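Worksheet: the structure to be examined is printed underneath.
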Amino acid sequence: MKNFSGKALFLDRSDINTDEIFPAKYLTEISKDALKPYLLEDLQLDGFHTKDIKGKNIIITRANFGCGSSREHAPWALESNGINLIIAESFARIFRQNMFNCGMLAVELPSQAIDHIFSLFADKETNIETDIEKNIFHITADGHKEDITFAISEFDLALVDAGGWVEYADTRY
Amino acid sequence: MGKTIAEKIFDSHLVDNPSGDIHVIRLDAVFCHEITTPGAINDLIVRGKDRVFDSTKIKAVIDHVTPAKDSKTAMQGKILREWALRHNIRDFFDIGRNGVCHAIFPEKGFVRPGYTVIMGDSHTCTHGAFGAFAAGVGTTDLEVGILKGVCAFHYPSTIKINISGQMPEGVYAKDVILSIIGRLSVNGATDKVIEFTGPVVDAMSMEARMTCCNMAIEAGATCGICCPDMTTVEYLWEFIKDEYTTKEEAVDAYKRLYPDPDAIYENIIEHDVSRLEPLVTFGYKPDHVKPVKEMGEIKIDQVYIGSCTNGRIEDLRVAAQVLKGEKISDSVRGILSPATPKVFSQAMEEGILKIFMDAGFCVTNPTCGACLGMSNGVLAEGEVCASTTNRNFNGRMGKGGMVHLMSPATAAATAITGYITNSNEFRD
Ligand code: SF4
């Protein structure tokens with residue numbers, strides 16, 4: 001299983017599309033490692049710089065993350081930057097499926113919970129410990145501590161356990 | 001309990017129900033292009049599983065960047081080409097015979113009512129126009145599709161959109177779907193199927209239905225779907241004529257797919273188009289939609305007519321009607337990319353290409369090209385494009401470029417004046 005804990009990057013916007021996550025002009029790269037430098041290069045978000053990605057392992061964002069193009073280069077570019085977990089109010093279907101298909105996590109929380117996390121932690125160095133057995137995020141930042149529970153379906157968990165959809169499907173079908 | 005068309009297709013293709021509402025379904029067709037497939041091919045090779053589940057059900061095309069623009073795109077084409085050869089995938093389309101995937105595959109008869117189809121491309125929803133369940137997927141789903149011929153989905157819930165009214169002059173399928181996306185928002189149909197029904201859809205050509213289904217994903221939908229009828233049968237007849245004695249018989253056979261009268265919908269939306277006006281997008285999301293007349297004077301640098309949304313013969317005919325005898329503005333670069341070789345030659349025979357060229361358009365080969373900002377008309381920073389494509393995301397056609405989505409008629413009128421214009425200004 002991949003690592004789902006670490007430092008959080010807050011992206012305070014809805015409808016972040018896969019062209020922003022990974023621009024089409026780099027789709028000609030074939031190796032996954034080559035994708036690393038281009039993550040979020042075209043993100044339209046005031047105050048965001050791609051250097052903010054360094055050292056982060058988790059993205060927290062708003063609604064409809066990953067809409068648009070089906071490109072799996074988006075999760076691959078995230079993974080090559082050490083980001084295996086996205087927490088959002090909602091995801092576009094293909095992006096969400098791509099994450100689990102790669103054995104990564106895309107977790108939806110209700111909008112109030114996302115608001116709450118943003119208001120308490122967005123301006124701080126935030127760390128998240130993910131307990132996938134108990135379905136709890138332990139969120140901490142200078143003195144603040146918050147436990148948030150999340151739900152993950154049996155099938156999604158099976159994909160994460162197997163390491164992705166190829167491994168899962170290959171043994172079953 | 002009654003079922004929707006998507007539910008009927010799922011039930012007849014069920015392979016496994018591993019948990020909850022997850023359905024693993026059998027695939028009738030797996031479509032491939034050179035951008036998202038090489039990753040799947042390379043991964044299969046690394047895993048020692050370079051196999052295909054059924055070479056007759058896999059169709060492949062080089063369409064996104066063709067001819068190759070540099071060594072990297074040439075390599076993507078090479079990987080796909082060699083893979084198709086290695087696995088005896090006969091339906092592989094390379095330059096000279098290639099066209100935009102969602103235009104050429106239907107044209108070849110590869111999509112039939114009741115089929116399940118996946119492709120590593122979000123606009124795969126286009127093929128739902130034939131009464132199929134067709135979904136865009138990522139590379140891993142594509143990889144498993146190629147290897148095993150299955151894919152996993154949530155059991156589909158459906159939004160039914162009943163489209164009625166008299167389409168006003170200058171209003172086309174593109175305006176209808178833009179108005180629906182504006183109404184639903186960019187995630188209003190996430191993880192759902194949109195069933196397009198009603199008298200307006202019944203009267204639409206297959207091309208127009210494909211335009212509607214093509215943009216279902218822009219409201220987040222997994223698939224857009226239309227009920228197969230005589231229009232569908234006429235379009236497919238050369239491919240299905242050995243299976244049925246008459247066209248009526250084919251239509252009857254497809255009726256088994258129709259939603260039951262007591263089918264359960266997530267939502268039923270009545271959408272009257274009688275007062276619809278030509279629409280255009282104004283921002284960076286496909287639901288940022290306004291009537292042309294509310295746009296003010298938006299100056300345009302480039303007009304792009306083509307793509308899987310509006311690069312079909314009907315689209316070219318409509319644009320040519322507007323352009324006939326006119327010249328495009330000196331400040332506009334006009335680019336036409338007919339979506340397939342068949343569309344290209346038809347347009348040539350009908351004198352449409354001449355109209356475009358006389359007006360000052362450049363006619364390119366069939367390709368995705370500028371639609372995703374990879375080749376053939378990438379915008380410079382600060383430039384504005386009037387486009388018949390389907391995405392206006394910031395940077396979609398080139399970093400710092402602005403894209404306004406519109407119908408081919410509006411795009412043609414815009415090319416003439418140099419600013420966003422209602423095509424009715426050029427009608428007698
Ligand atoms: S024409 Fe554009 S939207 Fe359609 S498949 Fe090609 S790149 Fe995608």
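Values quoted throughout were computed directly from the atomic coordinates according to the rules given, and no laboratory measurement underlies them. Keep in mind it's a predicted model, so treat the numbers as computed, not measured. Note: ideal-geometry Cβ built from the backbone for every residue, glycine included; neighbour counts use all protein chains shown.
Computed from label points 7 Å out along Cα-Cβ, the spacing between A:Ile30 and B:Asp330 is 4.8 nm. Non-local lysine pairs in segment A:6-172, meaning eight or more places apart or on different chains, with alpha-carbon distances under 21 Å, amount to 21. Loop-resident chymotrypsin sites (Phe, Trp or Tyr not before Pro) (DSSP state other than H, G, I, E or B) in segment B:259-336 with no more than 12 further Cβ atoms inside 10 Å of their Cβ are absent.
Taking every alpha-carbon pair under 8 Å whose residues sit at least 6 apart, chain A reaches a relative contact order of 24 percent.
With R₀ fixed at 22 Å, the C-beta to C-beta distance from B:Asp202 to B:Ser274 puts the FRET efficiency at about 0.90. May I ask which residue of B:Thr36, B:Phe133, B:Val363 lies farthest towards the positive end of the charge dipole of the protein assembly as shown, with charges of +1 (Lys, Arg) and -1 (Asp, Glu) on Cβ and the Cα centre as origin? Comparing the listed Cα positions along the dipole, B:Val363 ranks first.
Electrostatic bookkeeping for B:Gly198 treats Lys and Arg as +1 and Asp and Glu as -1; over the other residues with beta carbon under 11 Å from its beta carbon, the sum is -3. Taking a sphere under 10 Å around the Cβ of B:Val24 and counting the other residues whose Cβ falls inside, with K and R at +1 and D and E at -1, yields a net charge of +2. Counted over chain B, the DSSP beta bridges are approximately 20% antiparallel. Are there GluC sites (Glu not before Pro) in segment B:291-324 that DSSP puts in a loop and that have at most 10 other Cβ atoms within 10 Å, and which ones? The qualifying sites are B:Glu297. For the protein assembly as shown, the Cβ-based charge dipole about the Cα centre amounts to some 1220 debye (Lys, Arg positive; Asp, Glu negative; other atoms uncharged). When exposed loop sites are taken as GluC sites (Glu not before Pro) in a DSSP loop with at most 13 other Cβ atoms within 10 Å, the longest stretch of chain A clear of them is A:1-124. Taking label points 7 Å from Cα along the Cα-to-Cβ direction, A:Asp123 and A:Phe48 give a separation of 2.0 nm.
What's the average, rounded to a whole number, of partner chain beta-carbon atoms within 10 Å of each residue's beta-carbon in A:15-26?
Partner Cβ neighbours, averaged per residue: 5.
Maximal additional length on extending the B:Glu234-B:Arg183 stretch stands at 15.2 nm, based on 0.36 nm per residue less the C-alpha distance. Full extension of the chain between B:Thr246 and B:Glu294 yields a length gain of 12.4 nm, computed as 0.36 nm times the residue separation minus the alpha carbon distance. Within segment B:215-312, the trypsin sites (Lys or Arg not before Pro) that combine a DSSP coil assignment with at most 14 other C-beta atoms in a 10 angstrom radius are B:Lys241, B:Arg275.
The residues neighbouring A:Trp76, those whose beta-carbon lies less than 12 Å from its own, together hold a net charge of -2 under the Lys/Arg +1, Asp/Glu -1 convention.
Full extension of the chain between B:Arg256 and B:Ser19 yields a length gain of 82.5 nm, computed as 0.36 nm times the residue separation minus the alpha carbon distance.
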